[in-house]
Amino acid sequence: MAILEVEHICKSFGDTEVLKDLSFSLEKGQALSIIGSSGSGKTTLLRCLNFLERPDKGIIRVNGETLFDAESTVSGQEAEIRKKRLHFGLVFQSFNLFPQYTALKNVMLAKELLAKEKKDYKANKKAIHEEIEAEAAELLRQMGLSDRMKNYPHQLSGGQCQRVAIARALALSPDILCFDEPTSALDPELTGEVLKVLKDLAQKRMTMVIVTHEMEFAKDVSDHVIFMDEGLILEQGSPEQVFEHPKEERTRQFLSRYTGQKNVDI
Amino acid sequence: MDKIMEQMPIVINALNVGFIQTLKLFFVTLIGALPLGLIIAFGSMSRFRPLSWLTKIVVWIVRGTPLMIQLLIIYYFPGLVFGKTIWGSGEAGRFTAAAIGFIFNYACYFSEIYRGGIRGVPIGQEEAGLVLGMTKSQIFFRVKLLQMIKRIVPPVCNEVITLVKDTSLARIIALQEIIWAGQSFMKGSQGISGEIWPLFFTAFYYLIWNGVVTIVLGKLEKKLEYFR
């Protein structure tokens, strides 16, 4: 069964239709890349998955459980949404790390706050805290940031910041991790180190939805590719299908702009 | 010169008494206005339109009229219109009225500074908190508050320095603060009259106190420099 099912999602901002009846599904352990030009609705789609935007129509299911149904009115409570959000993680283009906390604390904070809601928190405060810290340190180690744990975001490079942000999202063990153009704010030299982390995650079979402009990377790493244009899924399939044998003229046109462009080694 | 040296202890003593009243008003105003300003800021940022309009109108009136008039109205209005003063008698009553006027006036100024500070925190910070499953209040207190404080320390410092000097306005309802004390030696008090030099001394008190305020808030600003 698919881990993520999205059915007939529509979203408008005022008169502008940003998403026009999108449906797709994703298997557990797969990496889905969403490509398309700016303004095609890719980011809005990710924001809908993470409940930062509320779709006007449609259904979102994770593991068969309906997390969002535009028809139903009960799904609007803040506490409910909070719980549902935790199925997803989101890594932003501009990192959005918390500047006043160290890299380690950035990774720990949300989990600590969640732990406080547990009944046995007061009794095992110290043990819980130590466990969260050990997990966070391990995640940062995996990101190659062991020696940066005590640094504040402004002391880190963009690539390091984005890796901290990935560790922060992973700390809550989401079912599906979303990336919103994770390398668009980075210069080419730093892009590689972030893409490598994503590749490692794909190899570990983390379920991921990646909005990206790195075509070479999308081709190489993803199991499934969606090409979006003007709020529609114009084409989807395996990377080979979409990149090598695109059916739509628009897809070919879009991809042709990227061929010949030098890509980053990963 | 000898005369001044003779009068000095009397004057200093009187000024100290006045200055304590000034300091009391200063601290009471800060303790009341700093948190009240935050509540007003939330009011004016509320999505509930009538509330945000009401707060904005109140802030407009309070910031748009002289504090001196506000003090006069607060102190005399109940007595003159309803024939019944609610402030109690003597210095204590005057202090209560002055404190309420100052707290409300400064809270309105602070609220605008806070509003700017809260708006100045990038929306991405709130969104990052949301996708990490934090509640709105966790996001405010654990993520946004410190960033907001960092932004508002310089403008708040400005406002606090103004407050140090504004406390003298309480003299209009005869609160016996330091200028009242200094001025009394012009009119005649404790055998000293027609002297202007005590007033120069009062200016010196303000100057020193503002120096202290500047250093303390400068330290706070420095302390928040550990992040950007």
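The values are calculated or read from the model by the stated rules, or taken from the named source; none is laboratory data. This one's a predicted model, so the numbers in the text were calculated from it and none came from an experiment. FYI the Cβ positions are ideal-geometry reconstructions off the backbone, even for glycines, and counts take in every protein chain you see. Side chains are part of the model used for accessible areas, which takes the heavy atoms of the whole protein and leaves out ligands, DNA and RNA. Shrake-Rupley method; radii C 1.70, N 1.55, O 1.52, S 1.80 Å.
I'd like the GluC sites (Glu not before Pro) in segment A:105-153 restricted to DSSP loop residues with at most 11 other Cβ atoms within 10 Å, sorted by number.
Details: sites: A:112, A:117, A:130, A:131, A:133, A:135, A:138; in loops: A:117.
Answer by residue number: A:117.
I need to check one value: relative contact order of chain A, counting alpha carbon pairs closer than 8 Å and at least 6 residues apart, in percent.
Taking the mean separation of contacting Cα pairs over the length of chain A, I get 26 percent.
Just want to confirm a number: the relative contact order over segment B:2-227, from Cα pairs under 8 angstrom separated by 6+ residues, in percent. Intermediate values should be presented prior to the final figure.
On the way: 227 pairs, mean separation 61.4, N = 226.
With pairs under 8 Å counted, the relative contact order is 27 percent.
How far is it, in nm, from the label point at residue B:52 to the one at residue A:16 when both lie 7 Å from their Cα along the line to the Cβ?
Label at residue B:52, label at residue A:16, 2.1 nm between them.
List the residues whose amide H sits under 5 Å from the amide H of residue B:195, counting only those 5 or more places along or on another chain, with H placed 1.01 Å from N in the peptide plane.
B:186
How about segment A:134-154: which of its residues lose at least 10 Å² of accessible area in the presence of all protein chains relative to their chain isolated, using a 1.4 Å probe?
Buried-area filter returns A:152, A:154.
So, counting K/R as plus one and D/E as minus one, what does the shell of residues with Cβ under 9 Å around residue B:132 add up to?
Net charge in that neighbourhood comes out at +3.
Expressed as a whole percentage, what fraction of the accessible surface of the protein assembly as shown belongs to carbon and sulfur atoms when a 1.4 Å probe is rolled over the protein heavy atoms? Don't skip to the answer; put the middle values down first.
Values: 14190 of 24350 Å².
The nonpolar share, carbon plus sulfur, comes to 58 percent.
Amide H to amide H under 5 Å from residue A:4: which residues, 5+ apart in sequence or cross-chain, H placed 1.01 Å off N in plane?
Correct list: A:26, A:63.
For segment B:156-173, take each phi angle, set θ = phi - 60°, evaluate the Karplus expression 6.51 cos²θ - 1.76 cosθ + 1.60, and give the result in whole Hz per residue in order, putting x for glycine and proline.
These are the phi-based 3J(HN,Hα) values: 5, 4, 4, 5, 5, 5, 4, 4, 3, 7, 5, 3, 5, 5, 5, 4, 5, 9 Hz.
Scan segment A:1-100 for GluC sites (Glu not before Pro) in coil per DSSP, keeping those whose Cβ has at most 10 other Cβ atoms within 10 Å, and list them by number.
Those that pass, being in a loop and sparsely packed, are A:71.
So what is the accessible area of chain B per residue, in Å², with the probe set to 1.4 Å?
Normalised by residue count, the accessible surface of chain B is 53 Å².
Students sometimes get this wrong: rank A:24, B:42 by accessible area, probe 1.4 Å, all chains present, largest first.
Details: A:24 15, B:42 95 Å².
Most to least solvent-accessible, the answer reads B:42, A:24.
Name the residues of segment B:208-228 whose accessible area, probed at 1.4 Å, falls by at least 10 Å² once all protein chains are in place instead of their chain on its own?
B:226, B:227, B:228
Order A:108, A:206, A:1 by their accessible area, 1.4 angstrom probe, all chains in place, largest first. Let's see the in-between values first.
On the way: A:108 10, A:206 35, A:1 165 Å².
Sorted by accessible area, descending: A:1, A:206, A:108.
Can you check what the Kirkwood hydrodynamic radius comes to for the protein assembly as shown, Cα pairs only, in Å to one decimal? Intermediate results must be reported in sequence, preceding the final value.
Working: mean 1/r = 0.0369 Å⁻¹.
Averaging 1/r across every pair of different Cα atoms and inverting gives 27.1 Å.
Are there any residues in segment A:51-69 with a reduction of at least 30 Å² in accessible surface when going from the isolated chain to the assembly of protein chains? Probe 1.4 Å, please list them by number.
A:52
Could you tell me how far the Cα centroid of segment A:35-68 sits from the Cα centroid of segment B:125-179, in Å?
38
If one takes the accessible area of chain A alone plus chain B alone and subtracts that of the pair, with a 1.4 Å probe, what total in Å², rounded to the nearest 100, results?
Buried surface at the A/B interface: approximately 2200 Å².
Amide H to amide H under 5 Å from residue A:178: which residues, 5+ apart in sequence or cross-chain, H placed 1.01 Å off N in plane?
Residues meeting the criterion, in which the H sits 1.01 Å from N, are A:89, A:90, A:91, A:209.
³J(HN,Hα) across segment A:52-58 via Karplus (A = 6.51, B = -1.76, C = 1.60, θ = phi - 60°), whole Hz, x for Gly/Pro?
Along segment A:52-58, the couplings run 8, 10, 9, x, 6, 9, x Hz.
Picking from B:79, B:101, B:18, which is most flexible by a Gaussian network model of chain B using Cα springs under 10 Å?
B:79
Just want to confirm a number: the relative contact order over segment B:130-228, from Cα pairs under 8 angstrom separated by 6+ residues, in percent.
On the way: 53 pairs, mean separation 25.8, N = 99.
Reported relative contact order: 26 percent.
Restricting attention to segment A:198-259, which trypsin sites (Lys or Arg not before Pro) occupy a DSSP loop and are surrounded by at most 14 other Cβ atoms within 10 Å?
Passing sites in segment A:198-259 are A:204, A:205, A:247, A:257.
Ordered by residue, what ³J(HN,Hα) values in Hz, to whole numbers, does segment B:128-140 give under the Karplus form 6.51 cos²θ - 1.76 cosθ + 1.60, where θ = phi - 60° and Gly and Pro are x?
Result, rounded to whole Hz: 4, x, 4, 5, 8, x, 7, 7, 4, 6, 4, 4, 5.
Using only C-alpha atoms and all pairs of different ones, pull out the Kirkwood radius for segment B:2-227 in Å with one decimal.
Taking the inverse mean of 1/r over all distinct Cα pairs, segment B:2-227 comes out at 19.9 Å.
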